[in-house]
Amino acid sequence: MVVAARKGRAMAFPHTNGPTAITTTAPPGVLGGWLSRIPLPKWALIAVTVAVAILLLLFLICIIRCCCGKKKPKKKERVSLYAMSGSTTASLVQPEMEDLEQGTEQTGRGKLQYSLEYNFRAQELKVGVKQAAELKAMDSGGTSDPYVVVYLTSDTKRKYETKVYRKTLNPIFNESFAFQVPQVEVPESTLVMQIYDFNRFTKHDIIGEVRLPLASVSLQHVIEQWSDLAAASKVEEEQLGEICFSLRYIPSTGKLTVLILEAKKLKRMDSHGLSDPFVKVNLILNKKKWKKKKTTVKKNTLNPYFNEMFVFEVPFNQIQNVDVVISVWDHDKVSKNEPIGKLFLGCRATGNQLRHWSDMLSNPRRPLAQWHNLQPPDVVDKALGLKSQLKLPLPPR
């Protein structure tokens, strides 16, 4: 009976008899046999299992983070691309107002006060240079030595200068200058006032300038105002004037007719603000001077009227090799005549000159008149590339 009772207890509590009493849902034959083959104690198996589980969990977390990290930049990039429009773009690019004000102060050149008065009876323009303020410092000590240069674009040779004021950014000039300008030429002129920093041993630095087209102001009364200085123009475009002439060519007779009609707005060459213009017509054959004729001299005018005609014999087989040079000169009895401006026409010409020449050849026997702007003489001479100044005999027909 005792033995039977012990057997019943053993069957009721099988885990009290050793490691074989571990419970599992798997079939006891497979898992139990696999665990029995591992030569490790129970606590070691549990530690290994926990470590493997932790490693798997960390691995999964890393994978999730990597995937999310790659997707997030794409979302941000798309949003920023779609957002680059309208006010959003302006807000991203436009600096703060404080930065703008600081930049303006750093790059500001200052301002100039001046006055204008035109005397219609005397045809005289009086320019008053009053004062300047908040000029840009050009010297290492934080100051400048300013003075003002005043001139008109219609007469760049006549310039006036104020006195130099030492070590100041707010000079008071109170000087006036007079220009003789006919009333009809006032709208075509521009007043230029440039402020320089004086240097004794180096080139004077320009601080800034004010350009005032006289056509944009009313000279019926005295004008006094302030203007901000702007950056100075690098090149002063000198207006040499315009000339109108007519061309006609008759292929059957080989006659080239040049009719010089008139010119206007010519450059002032004399001290009294006028010129004594006349026109030369030169023929160039194969880059060599060939024939020339000239008009009469018109005294004391910048808008001469000539209406003089010249006829040249140019064989049809040579018309493609001929250049016609039109030049305007200022006559001087004492010294040498000075060129005002030039231009040339022919197959080597460009722009309006080439178009005028082509129209002449396309319309034989028909005179064609056109206005042309005069160019600097040295520019035209360089483009022609003359080989010799000797005349050539007329080639045979």
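Working only within region 366-385, note down all residues that are among the charged types (D, E, K, R) and modelled with pLDDT under 90. Matches in region 366-385: Asp378, Asp381, Lys382.
In region 151-162, of all residues being of a type in the set (Val, Ile, Thr) and part of a loop (DSSP other than H, G, I, E, B), the one that is modelled with the highest pLDDT corresponds to Thr162.
Of the conditions (1) more than 24 Å from the chain's Cα centre (by Cα); (2) aromatic (Phe, Trp, Tyr); (3) part of a strand (DSSP E or B), Tyr165 fails just one. Which one is it? Looking at each condition in turn, Tyr165 falls short on (3).
Please verify whether Phe310 is aromatic (Phe, Trp, Tyr) and within 19 Å of His356 (Cβ to Cβ), treating the condition exactly as stated.
Values: aromatic (Phe, Trp, Tyr): yes; within 19 Å of His356 (Cβ to Cβ): yes.
In short, yes.
Of the residues contained in region 176-188, none is found to be over 22 Å from Gly273 (Cα atoms), open to solvent by less than 40 Å² (accessible area, probe 1.4 Å) and not hydrophobic (A, V, I, L, M, F, W, C).
The values are calculated or read from the model by the stated rules, or taken from the named source; none is laboratory data. Bear in mind that the values here come from a model prediction, so they are computed numbers and not experimental data. All Cβ positions, glycine included, derive from the backbone under ideal geometry; neighbour counts span all protein chains shown. Surface areas here come from the heavy atoms of the whole protein model, side chains and all, with no ligands, DNA or RNA. Shrake-Rupley method; radii C 1.70, N 1.55, O 1.52, S 1.80 Å.
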